[in-house]
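Below you'll find the structure, written out as structure tokens, and then a few comments.
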Amino acid sequence: MDTNKLHPRFSLGRQSSLAPERDNAAAAEPSEALDPAVRLMYLANEGDLDGINELLDAGSDVNFRDIDGRTALHVAACQGRTDVVDLLLRRGAGVYPQDRWGSTPLADAMYYKNHDVVKLLEKHGAKPPMAPMHVQSAREVPEYEIDPSELDFTNSVCITKGTFRIALWRGTQVAVKTFGEEVFTDADKVKAFHDELTLLQKIRHPNVVQFLGAVTQSSPMMIVTEYLPQGDLCAYLERKGALKPVTAVKFALDIARGMNYLHEHKPEAIIHRDLEPSNILRDDSGHLKVADFGVSKLLKVAKTVKEDKPVTCQDTSWRYVAPEVYRNEEYDTKVDVFSFALILQEHINLSEGC
């Protein structure tokens, strides 16, 4: 018996977020999609609520799956058809069907950034995919793991370029960097999260922001660091204007001590690669600490590094980036010296009497 005739493939519109041939899938002709076995999926793709109700009233299975295991709910989630998703759920659609690649309607909606559909599916009990760094055994859970239920975001506000938020953790204010839904479907972002986490565990210095822990076993994943309520150097310079020479020198020494620690780190030097005033924070005593290692690199001593792909303006601010990084050439710790020089120049220009 030809199973393809019993379970044809629906390939019109966006495909499963995990399908390997997703980008090259050929869309079916409408006449093929209108086959009675997949008519419900076609109507879900088109957003035809009346047609869907007619089919379901006539006895069609709301949970019909094509040969790839996809349902009408998968299709509506991919297309961002919130009204169709709502209708299918009210008519008995299963909220957690998995296609042949293991993708669910929620995972598809997250991949295509259909946020209203995500909220609706979660409201009906859909659970996000397992965190990419999830471990199977309790023995493998990292020592730095923080229970997300201990993080209180009540009255939370965004800080430092909107990347971090303030939260309370065991009675102490902390800064929390949250990684969004796109992490689950972007291998590069999963690697970036893992690299940043690996690096943060290695560093401890008075002029470097202290890593406290992370959430890796549930969604959303987070990195938790100490919170410095005095804000970043950029905001301070905008607020204060001209600096006294003694203050400019004090700030420069704080940054230099932090960066020297990173560059002298053994067995691998650490290149910050995004050194700029907004990534330098002030503590209550007025001292500066280097922060935000999202695009930092570990470097074998006496060697250089080259990116697999160019750094983009989404990764860092071009204003303080060394030319060799901008041109995607090999580079080493000297790129941070370039950035430091520009910051120092700003301090000198702002200093009174200079």
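The values are calculated or read from the model by the stated rules, or taken from the named source; none is laboratory data. Owing to the predicted nature of the structure, the values given are computational and were not obtained by experimental measurement. Reconstructed Cβ throughout: ideal geometry from the backbone, glycine too, with neighbour counts over all protein chains shown. For accessibility, only protein heavy atoms count, side chains too; no ligands or nucleic acids. Shrake-Rupley method; radii C 1.70, N 1.55, O 1.52, S 1.80 Å.
Quick look at the numbers
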| read-out | value |
| --- | --- |
| Efficiency of FRET from Cβ geometry, ARG90 and GLU140, R₀ 56 Å, rounded to 0.05 | 0.85 |
| Hull-based mean projected area of region 80-121, where the convex hull spans the alpha carbons, in square nanometres | 2.7 nm² |
| Unit charges on C-beta of K, R, D, E only; dipole of region 120-249, Debye | 460 debye |
| Kirkwood hydrodynamic radius of region 34-174, from inverse mean 1/r over distinct Cα pairs, in Å | 17.5 Å |
| Prolate/oblate/rounded call for region 151-287, Cα gyration tensor, a/c under 1.5 rounded | oblate |
| Pairs from LYS123/LYS191; LYS266/LYS334; LYS250/LYS334; LYS191/LYS289; LYS202/LYS266; LYS123/LYS189 whose Cα-Cα separation, in the structure shown, is over 20 Å | LYS123/LYS191; LYS250/LYS334; LYS191/LYS289; LYS123/LYS189 |
| Accessible area (Å², 1.4 Å probe, nearest 10) - MET110 | 10 Å² |
